[in-house]
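Contents: one structure, followed by commentary.
We did not get these values from a lab; they are worked out from the coordinates using the rules stated. All values derive from a computational prediction rather than experimental measurement. Every residue, glycine as well, gets a Cβ built from its backbone with ideal geometry; the counts of neighbours run over all protein chains shown.
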Amino acid sequence: MNSADFTVLLPLIVLGSTAVVVMLAIAFHRSHPLTATLTEIGLAVAFWSLWPAAAAVPRQVTPLLIVDRFALYYFGLILAATFAVVLMAYGYLERHDVRREEFYVLLVVAALGSLVLVASDHFVSFFLGLEILSVTLYALAAYLTDREIALEAGMKYLVLAAASAAFLLFGMALVYAETGTMEFPALAAQLAEGGAAHIWVLAGVAFMVTGFGFKLAVVPFHLWTPDVYQGAPAPVTAFIASVSKGAMFAILLRFFYQSGSRDLHASLLIFAIIAVASMIAGNLMALFQNNVKRILAYSSIAHLGYLLVAFEAGGPIGAAAGTFYLTAYMVTTLGAFGVIAALSSSGRDAEEIEDYRGLFWRRPVLAVVFTAMLFSLAGIPLTAGFLGKFYTVAAGASAAIWSLIFVLVVTSAIGLFYYLRVVVALYATEPAPDEAERPPLPAVPAMGGLTLAALTGVLIWLGVYPQVVLNAIRAAMSALF
Amino acid sequence: MSLVWLIVIPLAAGVIAGLVARRSALAARWLSLLAMIAGFILSVRMWLEYYPHISLLSQQKWIAEIDVPWIAGFGIHFHLAMDGLSLLLVTLTFLLGIVSVMISWREIRDGIGFFHFNLLWVIAGIVAVFLAIDLFLFYFAWELMLIPMYFLIAIWGHERRVYAAVKFFLFTQLSGLLMLVAILTLYFAHHAATGVYTFDYPALIGTPLAPHVALLVMLGFFAAFAVKLPMFPLHTWLPDAHTEAPTAGSVVLAGLLLKTGAYGLLRFVLPLFPDAAHRFAPVATGLAIAGILYGALLAYGQTDLKRLVAYTSVSHLGFVLLGIFIGTPLAIAGAFVTIIAHGISTGTMFMMVGMVQERTHTRDMDRLGGLWQTVPKLSGAGLFFVLASIGLPGLGDFVGEFLVLLGTYRVNPRLAALATIGVLCSTFYGLKFVARAFHGTNRNNWKLPDLSAREIAIVGSMMVILLWIGLYPQPILNTFAPAAQSIEQILAGPPTASSTATPAPPAAPWHSLEPVRLSPPWTPPPRGAGIPARVPLSLPSGAGSRPERSGFGTARAPLPVRGAGSVSPSVSPSAPERLVSPWRSPSPLAADLSGGNR
């Protein structure tokens, strides 16, 4: 390995060192503000190191990792999202009587796993990154050990993630057994020579789809989502919803585009079915929820369905549309869970719709931020979600996948209904029936408030003037083709 | 730049009003009012500047235009443009905006800042819809105007406001998404034909589409506009939304939001898909007639005054739809006058109902009655607007509906006869309104305050405007004429490959159509043979002597078309069908018909 290799790997190296430094700092001096500050510095430096790395890409570092513009774009996304999660988590953890500092170590390691995931073009690094991410997430989901529901969420996530990882491994093994390679580009060459038709390859890809499907939480691999979303602390849910899914979508794009598996008719069909099932089931089930976290969980299932429509569209426009949608979705979910985190008290998270009744008349700014996030999820103009949906439909229309677009249109109209339920509650003028018994709203922590303001700013910027991000995404996607 | 101001003024004023309301509610109200007045003055000034030059300006398409790149990656431009059609609608928007702020002066007492923010933003959204001619920008504005409207209904509405607001939102959103898919299909079809990605409306006109694709894409647009219009049977959101909205919300809904649907049909559906619209015309006109009759019938059955007025909207907007899809110059002009007149008369009707409700706390006819004895001015004004609504000659609505009926009769007398029944029915519900609410004995022994000076000012100016439209509609027709002509020219325009399945050869880029469209290669028929292409539309007094080109109602009419017969002698040999039907490619039926006539 020479210096250029280290340069492109700088983000990973910095993040890995951050984990070590933070851990040592905790060992010597337990201080919540210090730990959080160190974490943020590490994340900021890792983000800054994207620029030196960008000068040296694309570069294959060992057979395991490739750092190209695609990876760098997702690096940036993951680092920025983790940065926001840390800011939210600080105020959230301050209200809880737990050992707070280790949270940040876990979070940094999870982010590191995500980085490895998006930079991998080899089965080994793929699995390695995935496991680093998953194992830390088990612990994060169950971080508030005094809550039974959090423990349940952690256990559920552990069992199902382990099972899906087994499927993924088995799928990789089958593909390897048939083609004799674990590198994505080499795999593409093998498949192009006619290996695609072989039953073991098909079976292997199908097993791998299970693994992908679980992490992305698409139907029928979605069963963990509502429970984990509800049980995990709000900042962790934000992390799972944004970073974990984002990294998984990145590797989905990379694997299926670069290994040529996307050209298999069978995998396109499978993903089309999954997309339709996710859009329909996610939106329909969200209709019947009264818990905001569960609503967002089912809505995330639907949104991953929309993302798969972009994936189905294929080509540069499909990949770019998917990436833009994901960017918008990450900003939006971070904002939405940020509001939940800001309103949560030590006893419980603010997760019932009733908790939000009339919020606008008491906390107008917070309510407006939440409204913006919900409208973005619903795909209303001025927000990033609108352009994301627009881009996705455009990608679908360019590929003429009309049936998927039709399902997208109809289900997103259904989706409006439950977003509006929350919005209606936010602006309700009559108080909740048990208003008097409710504890007063907690003060919004300064850091969390700033983060939310920044996220709202980004949301509107993406929705009104997306040119800068679009250019970056298009440049990044060129690495895949 | 003034176009941008028209949008920015209400947007900025909305934000400021929302912020200052915490300190002073009065300041927020005055600020909103001043912003609306500023917008109104601006648009009236543009009208006055433009009016003397109509005949010149009909050569060029837009009165004012602004075009800057926005999202270059998609070929999206921030492209606003104004012609006579949008100018009048924008003026109407600000007029009703002033009214909406004024009638909310006492009605709205909670959340004043947020109310005015929403009111001004919905006005800004509507203005943007009328001005945007980049299809992406149009869709953007189209969706954006819904949200403040949703809040207006959901927060300041009446008893079932949440239900009504959600229903309104779902209907319009779903249909809007269909339009989005249609816009994108058109966008990619245009790219396939020309290699250019653009959402620009002038460039997209004449995009070649296979007939079945054109029909589907047209239906995508039509769905969005028909829901807004609202067309029977997609109207069910309307009575709920109108009834539950606060008075200002009802005025904006009935006066403006419905008009965006009609505007969309005139601006986009007809010019972009002339052939598909032609084929769809029998269905659209049939549904229009159904809407006219059904709306009138249900209006008669209501006891809630607001619901009654809401159903009359369904009926009146049926005339607009009928006029647009009959497609002759007279019918289109009639549809346009109906749009303006209905905006004023129905907007004021909702206002009167709001005033009644404010005083009596009920809208139920069964509990009203005898209002004339205690509030004679209010009742008299109410009678005036009811008469306008049922189409009394001399008032605005009459002119519009009469022109539509006239245009329809030329093409298809049966449709005209059916539509006339709708006019007849309107007398019943109108008289029921007056008889049950204003006449009779004052059973409740109400002693109510009559119209205040503020209310007299609003109602009085609306009366004057309606009388003006009713007695001298020529300025409106003249202003609209150039826009109408460009629509007509596209309908009648030079035959293009768009009606055939084969895409145009790249050698003939569709951009080159623009000058062609503006000055068509065919010579207008001599005076007396058809409506001269450059002469502003005139009142129907002279129309009887002028045989008229028939619209696409012909495709359905089994009857010989009178106009067609007398036109054919003067037809230039190069384009016989064009004068018989303003539609570019005659369907087999229309061809048969014109052949039969000759």
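Quick look at the numbers
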quantity	calculated
Neighbour-count ranking [beta-carbon atoms within 10 angstrom, fewest first] of B:190, B:158, B:116	B:158, B:190, B:116
FRET efficiency for residue A:263 and residue A:223, using Cβ-Cβ distance with R0 set to 35 Å, rounded to 0.05	0.70
Spatial separation of Cα centroids for the stretch A:252-279 and the stretch A:52-76, in angstrom	24
Calculated FRET efficiency for the pair residue A:460/residue A:290, C-beta based, R₀ 35 Å, to 0.05	0.75
Compactness of chain A as Cα Rg over 2.2 N^0.38 Å, two decimals	0.93
Centre separation in Å (Cα based) which lies between the stretch A:86-123 and the stretch B:292-335	61
Distance in nm between pseudo-label sites at residue A:44 and residue B:472 (7 Å out along the Cβ direction from Cα)	7.0
Peptide ranges B:274-285, B:363-374 listed from the most packed, as the mean C-beta count within 10 angstrom indicates	B:274-285, B:363-374
Peptide-level mean, for B:171-183, of C-beta atoms on other protein chains within 10 Å	5
Two-site label geometry, residue B:68 and residue B:212: point separation in nm, points 7 Å out along Cα→Cβ	4.5
Inter-label distance, nm, simple model (7 Å from Cα along the C-beta direction), residue B:15/residue B:297	5.1
Exercise: per-residue mean of other protein chain Cβ atoms within 10 Å, B:140-147	4
Amide H within-cut-off set for residue B:76, under 5 Å, with H built and near neighbours excluded	B:70, B:71
Extension gain from residue A:453 to residue A:95, taking 0.36 nm per residue of separation minus the Cα-Cα distance	126.8 nm
Stokes-Einstein D for the stretch B:199-266, Kirkwood Rh over Cα pairs, 10 °C, 1.306 mPa s (µm²/s)	117
Cleavage-rule hits (GluC sites (Glu not before Pro)) in the stretch A:135-219: DSSP loop, at most 12 neighbouring Cβ within 10 angstrom	A:193
Efficiency of FRET from Cβ geometry, residue A:148 and residue A:170, R₀ 41 Å, rounded to 0.05	0.75
Once the Cα gyration tensor of the stretch A:332-475 is diagonalised, semi-axes √(5λ) in Å	32, 19, 11
Alpha-carbon spread of the stretch A:178-309, three principal axes, descending order, Å	52, 26, 19
Residue-averaged [θ]222 nm for chain A, counting only DSSP H segments that reach four residues, each worth -39500 (n - 2.57)	-25500 deg cm²/dmol
Descending Cα extents along the principal axes, the stretch B:1-272, whole Å	57, 43, 34
Peptide A:388-399, shielding by other chains (average Cβ, 10 Å cutoff)	4
Nearest-ten-degree value, helix A:384-399 long axis tilted from longest Cα axis of chain A	30
For the stretch B:70-143 versus the stretch B:405-437, the gap between their alpha-carbon centres in whole angstrom	32
Paramagnetic label zone (point 7 Å from Cα along Cα-to-C-beta, residue B:435; backbone N under 20 Å) in the stretch B:284-328	B:295-312
Over the protein assembly as shown: Rg over Rh, Cα atoms, Kirkwood Rh	1.01
Relative contact order %, the stretch A:3-480, counting alpha carbon pairs below 8 Å whose residues are six or more apart	16
Equivalent ellipsoid semi-axes, the stretch B:274-386, via Cα gyration tensor eigenvalues times 5, rooted, Å	34, 15, 9
Relative contact order (percent, whole number), the stretch B:1-272, Cα cutoff 8 Å, 6+ residue spacing	20
Angle between chain A longest axis and helix A:32-48 axis [Cα atoms, degrees, rounded to 10]	40
Cross-link table B:228/B:306; B:167/B:306; A:293/B:167, entries beyond 20 Å C-alpha to C-alpha	A:293/B:167
